[in-house]
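**Q** Before I ask anything, let me first share the structure, which is written out below as structure tokens.
Computed from the coordinates by the stated procedures, all read-outs in this text should not be read as laboratory data. In this text, all values refer to a predicted model and were calculated from it rather than measured experimentally. Here the Cβ is made from the backbone with ideal geometry for all residues, glycine too, and neighbour counts use every protein chain on show.
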Amino acid sequence: MKKFLVIYSIIFLSGIFSAPPVFAETVVYNVETKKVHKVTCPHAQKCTKNCIKIDRKDAYNQGGKPCKTCGG
Ligand SMILES: [Zn+2]
């Protein structure tokens, strides 16, 4: 049972870190300007320094504001 959990965790974690997130809920959040971007937004693709990929609800919970270009 314990071994199963370990294997499951490895599969789960490697899925997060290897594949680009394709979940609809994942957004790019600029921690400096607090702007929330869709992953496909041009601003998100230019933003490499202060941006993190997080869940949309987490971004807004942290005070995120929707980007005017992509709507967040
Ligand atoms: Zn945007």
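**Q** Between LYS49 and LEU13, 0.36 nm times their residue separation minus their Cα-Cα distance comes to what?
**A** 10.6 nm
**Q** Mind checking which lysines have their C-alpha under 20 Å from LYS34, skipping anything on the same chain fewer than 8 residues away?
**A** LYS46, LYS49, LYS53, LYS57, LYS65, LYS68
**Q** Additional query: Taking R0 as 25 Å, what FRET efficiency do you get between THR40 and GLN62 from their Cβ-Cβ distance, rounded to the nearest 0.05?
**A** Taking R0 as 25 Å, the efficiency between THR40 and GLN62 is 0.75.
**Q** May I pose another question? So, by mean Cβ neighbours within 10 angstrom, what's the order for 55-62, 37-44, 2-9 with the highest one leading?
**A** So the order, starting with the most tightly packed, is 37-44, 55-62, 2-9.
**Q** Which one, CYS41, GLN62, ILE52, projects farthest toward the positive side of the charge dipole computed for the range 23-72 from Cβ point charges (K/R +1, D/E -1)?
**A** CYS41
**Q** Just rank LYS68, LYS35, LYS53, fewest to most, by other beta-carbon atoms within 10 angstrom.
**A** LYS68, LYS53, LYS35
**Q** In nm², what is the average projected area of the convex hull enclosing the Cα atoms of the range 23-72?
**A** 2.9
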